[in-house]
Amino acid sequence: MTATATVAPVRRHLSIMVPVRYLAAALIVGVTLAPLLFVILGGFRTNAQINENPVALPSPWVFSNYVDILTSSSFWTFLLNSALIAVSSTVLAVGLGSMAAFALSRYRFRGRETIYSMFTVGLLFPLGVAILPVYLLLRQLHLLESWVGVALPQAAFALPVTIIILRPFMAAIPSEIEDAAVVDGATRLGFFWRILLPLSRPALVTVSVLAFITSWNGYLLPLLVFNEPSHFTLPLGVATFQSQYAQDTASILAFTALSMVPALVFFVFAERQIVGGLTGSVKG
Amino acid sequence: MNTTTVAVAPSATAAAGPARSTTPAPRRRSSTRKRLELALLLLPSTVLFVAFVFLPLIAAVYYSLFDWSGFGPLIDFVGLDNYTQALTDPTFQAAIGHNLFIVFASLIVQLPLSIALALLLHGRIRGRTGLRLLVFTPYVLSEAVTAVIWLSLLQPNGAVDGLLRGVGLGDFVQLWLGDGNVVMFTLFAVITWKYIGFGIILFLAGLQGVPEELREAASIDGASGWQTTRMIVIPLLGPTIRIWAFLSIIGSLQLFDIVWIMTLGGPAGSSTTMASYLIDRGFRRYEFGYGSAVAIILFVFCFVFALFYQRFALRRDTQGALTGRVE
């Protein structure tokens, strides 16, 4: 289910709708892009320029805001922390989730639907509801100020979606394939590892992308787990930078612009998976 | 969410069917092996899930019955006092109101807007692929980045004010985030900017499921474009609309990141949401018992809504939509 697949355009006569369409399209472009451009261009201005006129092109162009941030360590630290946490929580959620989905889709046993229901109901528990006890649990496990303390709960909260998407996918793989593998001497776990997982690649990509984005964008958990700035993730770092340097608008804009870059690059490369995954995950 | 009817294709599984005490020896061995495999496959995820999702929820119910700072033993049992206190606190009542405002404003504004924009982008238009990418961009940004972007734009004498003055609408300039009567509308606008792309992409996917022949047949029968849209396209988008509404309402009830970064629930509680109230009480004032009660109330809101929605609106589509269809 890729939303980008082209559909044969409706053959219709030119009507009054055409200009309306382009007007609305122009409006969409403006409303979407203007804030982003303001941030990116604002990073190339000085505070004096911004104070004098908030909406204007840089004149002259100043590169020091961006250079300062890129040569300081904090931006790169936040970026690495975010990457470490997002990658580990994704690997954990997709690894454990695909094992569970395999058991729940291709084994018959008592309590199977109960376990599955437990995971699906988990879809309704927002992190916020459980956050106080989760925090206490992390404190008890001495995982506060540790990236593990963010990655573990994030993986746990990503399990429901992962399993809900993977289970029907794995169940739909024809049983003849499994029979053939068994005839060829494969164990069931061997079938899972060598045949089912490779066949499930599209669904695995979808759930990985979902888990990664959720973790990468996560704010609440890092906010509560980390106090020490060297542990911050990018979202937490951006928000903190904003409140710390409230007077230095130009630096805030440059910092914000830079922190959009990873998400935008990821989007450009994985656009099909992201869009397909998000629409597919809710459309079945 | 537990309504899935599962009919896994009978396969090799049948061979290792339900083990009975009467099964011959080789079968029993395979059933032991099956149990080991199941444990290996299911235990890690179940442990992780129970530890970080399930037990915390139960713990929250327990904590909510105590007056507790999060340190030391739970001794000060107060029964349901935390709940009555929360439900009678005007700030929390206002928070519920703010969540409901976002819920309804989203349904009234974002739903028609995203359907309209999806119809627009579905039709023949130059640069359609680029437009689709562009419209989705804000959705990819994190809530934190979105909040910081708009915080900068909405500063007094910031870009929004400058733009309004530049086009002669200076009279409309407000204290966007500093005026208690305006702040919820401002936040709603920011939320719309961020999430509209998701709705559009969802409806675009839904529109691909509307057969072109139906539209053509309608137009041959003399239906106008608007009639076709209203009588044929929108009803066929039904399942997508219901899913969108479900996600939108659940998201609105849990609203936190953007509010916390932009206003901290202020000024004077005029943009507090249930979640921001919960974090404020729990982590800034160390009222863990009270905060837990608030968490449970928030959960009940989401849960009751989801059950009702499931029962009355989603019933037809659930299997294909939220839980995935196992065939």
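The values are calculated or read from the model by the stated rules, or taken from the named source; none is laboratory data. Quantities reported herein were computed from a predicted structural model and do not represent experimental measurements. Every residue, glycine as well, gets a Cβ built from its backbone with ideal geometry; the counts of neighbours run over all protein chains shown.
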*Where in region A:49-160 are there helices (runs of 4 or more DSSP H), lying wholly inside it, with at least 3 residues that are within 30 Å of B:Phe66 (Cβ to Cβ) and β-branched (Val, Ile, Thr)?*
A:127-140
*Mind checking which pairs have a first residue in region B:165-193 that is assigned by TED's automatic domain parsing to the domain that holds B:Ile249 and a second that is among the aromatic types (Phe, Trp, Tyr) and surrounded by 14 or more Cβ atoms within 10 Å (Cβ to Cβ), Cβ under 7 Å, 6 or more apart or different chains?*
B:Val182/B:Trp176; B:Met184/B:Phe101; B:Thr186/B:Trp176; B:Val190/B:Trp150
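Results for (1) more than 8 Å from chain B (Cβ to nearest Cβ); (2) at pLDDT 90 or above; (3) surrounded by 18 or more Cβ atoms within 10 Å (Cβ to Cβ), shown as yes or no for each residue.
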position: A:Thr114; (1), (2), (3): yes, yes, no
position: A:Gly122; (1), (2), (3): no, no, yes
position: A:Val134; (1), (2), (3): no, yes, yes
position: A:Gln140; (1), (2), (3): yes, yes, no
position: A:Glu145; (1), (2), (3): yes, yes, no
position: A:Gly149; (1), (2), (3): yes, yes, yes
position: A:Leu152; (1), (2), (3): no, yes, yes
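Working carefully through the options B:Phe246, B:Phe256, find the one that is within 11 Å of chain A (Cβ to nearest Cβ), buried (at least 21 other Cβ atoms within 10 Å of the Cβ) and within 10 Å of the chain's Cα centre (by Cα). Even if it seems obvious, please write down each step before you answer.
Details: B:Phe256 fails: within 10 Å of the chain's Cα centre (by Cα).
Only one candidate qualifies: B:Phe246.
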_Hey, B:Ala205 of a type outside the set (S, T, N, Q), more than 8 Å from every other protein chain (Cβ to nearest Cβ) and within 22 Å of the chain's Cα centre (by Cα) or not_ = no
*Would you pick out the residues in region A:186-206 that are within 19 Å of A:Ile274 (Cα to Cα), at pLDDT 90 or above and out of contact with any Phe, Trp or Tyr (no Cβ under 7 Å at 6 or more places or on another chain)?*
A:Leu204
*Would you check if B:Pro73 is over 21 Å from B:Thr272 (Cβ atoms), more than 18 Å from the chain's Cα centre (by Cα) and more than 8 Å from chain A (Cβ to nearest Cβ)?*
yes
_Let me spell it out: the conditions are (1) part of a loop (DSSP other than H, G, I, E, B); (2) surrounded by 23 or more Cβ atoms within 10 Å (Cβ to Cβ), and A:Gln247 meets all of them except one. Which number is the exception?_
(2)
*Does region B:235-256 include one or more residues that are touching an Asp or Glu at 6+ places or on another chain (Cβ under 9 Å), under 21 Å from B:Ile96 (Cβ atoms) and in the same structural domain as B:Tyr139 (by TED's automatic domain parsing)?*
yes
*Close pairs from region A:9-26: first within 9 Å of chain B (Cβ to nearest Cβ) and part of a helix (DSSP H, G or I), partner modelled with pLDDT under 80 and surrounded by 13 or more Cβ atoms within 10 Å (Cβ to Cβ), Cβ under 6 Å, at least 6 apart*: A:Arg21/B:Ile125
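Quick one: would you say A:Thr90 is among the hydroxyl-bearing types (Ser, Thr, Tyr) and either under 27 Å from B:Tyr63 (Cβ atoms) or at the interface with another protein chain (Cβ under 9 Å from one of its Cβ atoms) (or both)?
Details: among the hydroxyl-bearing types (Ser, Thr, Tyr): yes; either under 27 Å from B:Tyr63 (Cβ atoms) or at the interface with another protein chain (Cβ under 9 Å from one of its Cβ atoms) (or both): no.
No; evaluated as a whole, the condition is false for this residue.
Identify, please: which residue in region B:171-188 is surrounded by fewer than 17 Cβ atoms within 10 Å (Cβ to Cβ) and not in a loop (DSSP other than H, G, I, E, B) and is, among those, nearest to the chain's Cα centre (by Cα)? Explain how you work it out, then say what you get.
Filtering region B:171-188 for residues surrounded by fewer than 17 Cβ atoms within 10 Å (Cβ to Cβ) gives B:171-173, B:175, B:178-182, B:185.
So of that shortlist, the ones also not in a loop (DSSP other than H, G, I, E, B) come out as B:171-172, B:185.
Details: B:Asp171: 36, B:Phe172: 32, B:Phe185: 19 Å.
It comes out as B:Phe185.
Collect the residues in region A:108-120 that are free of Cβ contacts under 8 Å to residues at least 24 places away in the same chain and either among the basic types (Lys, Arg) or on the phi < 0 side of the Ramachandran plot (or both), keeping them in residue-number order. Show your work before the answer.
Looking only at region A:108-120, we keep the residues that are free of Cβ contacts under 8 Å to residues at least 24 places away in the same chain, and these are A:108-115, A:117-118.
Within region A:108-120, A:Arg108, A:Phe109, A:Arg110, A:Arg112, A:Glu113, A:Thr114, A:Ile115, A:Ser117, A:Met118 qualify.
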*asked:* So, in region A:27-46, how many residues would count as being surrounded by 15 or more Cβ atoms within 10 Å (Cβ to Cβ), at pLDDT below 90 and either more than 8 Å from chain B (Cβ to nearest Cβ) or part of a loop (DSSP other than H, G, I, E, B) (or both)?
replied: 0
*asked:* What's the number of the only condition in (1) modelled with pLDDT of 95 or more; (2) surrounded by 14 or more Cβ atoms within 10 Å (Cβ to Cβ) that B:Phe104 fails to meet?
replied: (2)
*Hey, among the residues in region B:168-202 that are touching a helix residue (DSSP H, G or I) at 6+ places or on another chain (Cβ under 8 Å), modelled with pLDDT of 90 or more and away from every other protein chain (no Cβ under 14 Å), which one's nearest to B:Leu113 (Cα to Cα)?*
B:Phe188
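Does B:Ser271 meet the test of being under 27 Å from A:Thr32 (Cβ atoms), crowded, with 23+ Cβ neighbours inside 10 Å and more than 18 Å from the chain's Cα centre (by Cα)? Spell out how you get there, then give the answer.
Numbers: under 27 Å from A:Thr32 (Cβ atoms): yes; crowded, with 23+ Cβ neighbours inside 10 Å: yes; more than 18 Å from the chain's Cα centre (by Cα): yes.
Yes: the conditions hold for B:Ser271.
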*Looking at region A:189-240, which of its residues are of a type in the set (Val, Ile, Thr) and either under 15 Å from B:Val140 (Cα atoms) or surrounded by 22 or more Cβ atoms within 10 Å (Cβ to Cβ) (or both)?*
A:Thr206, A:Val207, A:Val209, A:Ile213, A:Thr214, A:Val225, A:Thr233, A:Val238
